[in-house]
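Written below as structure tokens is the structure these notes are about.
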Amino acid sequence: RPLPDDFLLALRDGQRLVKLHNTLVERSRRQFDRIKTWHTDVAKPYRMAENLRYWVKAAELRWEMKLLVPVSEILNNRQDGEAWGKFDEAVFRWARGVRMELMEEWRLEARGVERKRAPELRVEVPGSEEYAVEIGDMAGG
């Protein structure tokens, strides 16, 4: 199929990707690394570029995946099939990775499996029993 298609053109300014990322993070049990700010006025190409870069970085931090997106080639609307192909692959990889994580969470939830307890750490000061502290106890765990 010829690229860019209407789907990729709709994602080009990054807004839908940011909103989708945030929605999926909210539905996840591990709710961290939401994208808190992004550009809604995308009349300037640099704002679209920042939105895409926010999404790429959030994918790396939250979903633990490195996406290769040729941002400048996409925003210059070049008919470069290779650049649009990389963008298409990045969106697909991201969607597949997010889906796998969410499906695993839902599968565990359906089985009634509780979250694993956070690891505990015991810090001891040599020669002094009274100063031994369990970090899990300090956090209310």
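The values are calculated or read from the model by the stated rules, or taken from the named source; none is laboratory data. All values derive from a computational prediction rather than experimental measurement. No Cβ is skipped: glycine too gets one built from the backbone with ideal geometry, and neighbour counts run over all protein chains shown.
Side notes on the structure shown:
- Where Trp84 falls short, out of the listed (1) touching a helix residue (DSSP H, G or I) at 6+ places or on another chain (Cβ under 7 Å); (2) closer than 30 Å to Glu109 by Cβ; (3) among the aromatic types (Phe, Trp, Tyr): (2)
- Leading residue by the ranking (nearest to Arg62 (Cα to Cα)) among those in the stretch 27-51 that are small (Gly, Ala, Ser) and touching a residue at least 24 places away in the same chain (Cβ under 8 Å): Ser28
- Residue check for Val91: in a helix (DSSP H, G or I), modelled with pLDDT of 95 or more and either surrounded by 11 or more Cβ atoms within 10 Å (Cβ to Cβ) or not basic (Lys, Arg) (or both): yes
- Among the residues making up the stretch 8-51, those that are surrounded by fewer than 13 Cβ atoms within 10 Å (Cβ to Cβ), more than 19 Å from the chain's Cα centre (by Cα) and assigned to a helix (DSSP H, G or I) are Ala10, Tyr46.
- Unique match (being out of contact with any Pro (no Cβ under 6 Å at 6 or more places or on another chain), within 17 Å of Leu9 (Cα to Cα) and modelled with pLDDT under 95) among Glu82, Glu109, Glu124, Glu120: Glu82
- Screening Glu60 with (1) in a helix (DSSP H, G or I); (2) without any contact (Cβ under 8 Å) to a residue 24 or more places away in the chain; (3) over 19 Å from Val98 (Cα atoms) gives one miss only, at (3).
- Counted residues, the stretch 75-88 - those being more than 14 Å from Val56 (Cα to Cα) and in a helix (DSSP H, G or I): 6
- Just so you know, in the stretch 56-72 the residues that are out of contact with any Phe, Trp or Tyr (no Cβ under 8 Å at 6 or more places or on another chain) and of a type outside the set (D, E, K, R) include one that is nearest to Arg12 (Cα to Cα), and it is Val71.
- In the set (1) among the aliphatic types (A, V, I, L, M); (2) part of a helix (DSSP H, G or I); (3) under 12 Å from the mean Cα position of the chain (by Cα), Leu67 fails one condition alone, (2).
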